[in-house]
Amino acid sequence: MLGLARSGVKESQSRYVLMAHDWCHINFAKHHSKLDKTKMLHALDVGYELQASLLVDANTGAPIAPAGLNLLTSNGIYQCRSQELQPKQSHLDSLFDSIHWQEQLHLDKPLVHVVDREADSAKDLRRLGSVHWLTRTKKGSTFRHEGQFKTAEIISRTISPDLKGVISLRGKEGYLFVGETTVELHRKSEKLASAAPTCRFVMSLVTDDEGKELARWYLLSNVLDVDATEIATWYCHRWNIESWFKLLKSDGHQLEKWQQTTAESILKRLITASVATTLIFKLYSDSSDEANEFKGFLVKLSGRLTKRTKPVTQPSLLAGLWVFLQMCEVLVPLPKRNDQLTTNR
């Protein structure tokens with residue numbers, strides 16, 4: 001997996017590479033043979049919690065490869081980077097351990113770690129130091145702005161966003177408006193002995209043709225050498241990890257139907273499945289004539305219906321690849337059993 005990640009990052013034309021982080025519940029409430037399940041949100045939400053990291057091309061938003069998997073169980077956390085079961089941690093402690101490990105991989109380009117509102121903690125963001133990060137903050141979160149403590153919503157009213165162009169959001173196109181200012185990572189409820197570090201506060205607004213608001217984000221980042229529009233676009237690219245979870249759970253690998261009886265076995269299969277999805281990512285983004293011909297072939301093998309406007313999808317490629325590999329397995333001649341018996345004798 002790390003080899004595929006390294007080669008994918010090296011091939012990317014972007015200056016930075018995004019590392020999107022998120023959490024996903026894997027429900028195994030009906031699987032009574034799995035004895036290390038953990039309760040998540042409620043009594044019927046029982047199974048494992050997956051914390052995953054996905055490398056994403058900063059320019060195109062195309063997923064490159066997974067680069068971190070943690071599986072929370074009732075006994076502890078199984079990690080793709082360790083053979084030992086790790087003790088339970090909070091979401092952010094576990095995430096920051098993963099981030100520091102990923103920084104030590106020394107990939108070909110600098111990473112920007114993109115997290116949703118889960119990382120909306122000024123105290124914890126200060127822990128990251130010089131690591132590049134981008135996160136979304138809640139509208140009621142407070143920061144010091146122009147010498148006063150204000151909520152993100154009030155700070156956004158001091159910004160006049162400009163139209164930056166058209167952007168794709170969750171499969172729909174909208175108009176992107178962006179504006180920014182600077183804030184201090186200091187909450188009103190905190191007492192700091194020294195000055196808090198500053199970061200960028202980017203207000204991003206997406207509307208449709210009629211001006212109806214599709215999305216509004218209050219973004220924080222310590223990346224200083226890119227335009228605010230790029231920061232807003234990076235956060236849109238974070239959506240690809242949601243699409244990857246969907247590929248694992250319902251549109252491809254059907255993760256919640258796996259029959260392995262322990263989280264350790266589930267994680268091993270997840271790593272194998274991640275290799276398959278990485279190959280699909282690579283094929284999907286390849287626009288060469290040979291790749292396009294092979295993609296059309298796999299879609300036919302998959303038996304799935306696709307839209308005329310989008311004839312090739314990642315789920316159809318994954319399903320077609322599975323059929324193709326089964327065909328190859330059948331067509332490749334096996335050694336003759338009689339010859340093997342004679343040799344053994």
**Request:** Would you check if HIS145 is of a type outside the set (Val, Ile, Thr), in contact with a strand residue (DSSP E or B) (Cβ under 6 Å, 6 or more places away or on another chain) and either farther than 28 Å from LEU169 by Cα or open to solvent by 50 Å² or more (accessible area, probe 1.4 Å) (or both)?
**Result:** yes
**Request:** Would you check if there is a residue in segment 36-53 being within 14 Å of the chain's Cα centre (by Cα) and either over 17 Å from LYS268 (Cβ atoms) or not in a strand (DSSP E or B) (or both)?
**Result:** yes
**Request:** Select from segment 134-155 the residues that are over 14 Å from ARG117 (Cβ atoms) and either assigned to a strand (DSSP E or B) or of a type in the set (A, V, I, L, M) (or both) and list them in ascending order.
**Result:** THR142, PHE143, ARG144, HIS145, GLN148, PHE149, LYS150, THR151, ILE154, ILE155
**Complete:** The number of residues in segment 1-23 that are modelled with pLDDT of 95 or more and more than 16 Å from ALA65 (Cα to Cα) is 1
**Message:** Please verify whether ILE77 is within 30 Å of SER287 (Cα to Cα) and in contact with a helix residue (DSSP H, G or I) (Cβ under 7 Å, 6 or more places away or on another chain), treating the condition exactly as stated.
**Reply:** no
**Request:** Considering every residue within segment 188-198, establish whether at least one is open to solvent by less than 50 Å² (accessible area, probe 1.4 Å), free of Cβ contacts under 8 Å to residues at least 60 places away in the same chain and assigned to a strand (DSSP E or B).
**Result:** no
**Message:** What are the pairs with Cβ atoms under 6 angstrom where one residue, in segment 26-37, is in the same structural domain as ARG269 (by the TED database) and over 20 Å from ASN70 (Cβ atoms) and the other, located anywhere, is in a loop (DSSP other than H, G, I, E, B) and open to solvent by 40 Å² or more (accessible area, probe 1.4 Å)? Sequence gap at least six, or different chains.
**Reply:** ALA29/LEU44; SER33/THR261
**Complete:** Within segment 109-124, residues being more than 13 Å from ARG238 (Cα to Cα), under 19 Å from the mean Cα position of the chain (by Cα) and crowded, with 22+ Cβ neighbours inside 10 Å number 2
**Asked** Can you name every residue in segment 284-338 that is closer than 27 Å to THR60 by Cβ, open to solvent by 70 Å² or more (accessible area, probe 1.4 Å) and aliphatic (A, V, I, L, M)?
**Response** LEU305
**Message:** If ARG126 meets every condition in (1) basic (Lys, Arg); (2) in contact (Cβ under 8 Å) with a residue 60 or more places away in the chain; (3) in contact with a Phe, Trp or Tyr (Cβ under 7 Å, 6 or more places away or on another chain) apart from one, which number is that one?
**Reply:** (3)
**Prompt:** Of the residues that make up segment 170-193, is at least one on the phi < 0 side of the Ramachandran plot and touching a Cys at 6+ places or on another chain (Cβ under 7 Å)?
**Reply:** yes
**Message:** Just to check your reading of the model, which residue among VAL332, VAL323 is at pLDDT 90 or above and either touching a helix residue (DSSP H, G or I) at 6+ places or on another chain (Cβ under 6 Å) or more than 19 Å from PHE281 (Cβ to Cβ) (or both)?
**Reply:** VAL323
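The values are calculated or read from the model by the stated rules, or taken from the named source; none is laboratory data. No experiment lies behind these values; they were computed from the predicted model shown. As a convention, Cβ positions derive from the backbone with ideal geometry for all residues, glycine included, and neighbour counts pool all protein chains shown. Only protein heavy atoms, including side chains, enter the accessible area calculation; ligands, DNA and RNA are left aside. Shrake-Rupley method; radii C 1.70, N 1.55, O 1.52, S 1.80 Å.
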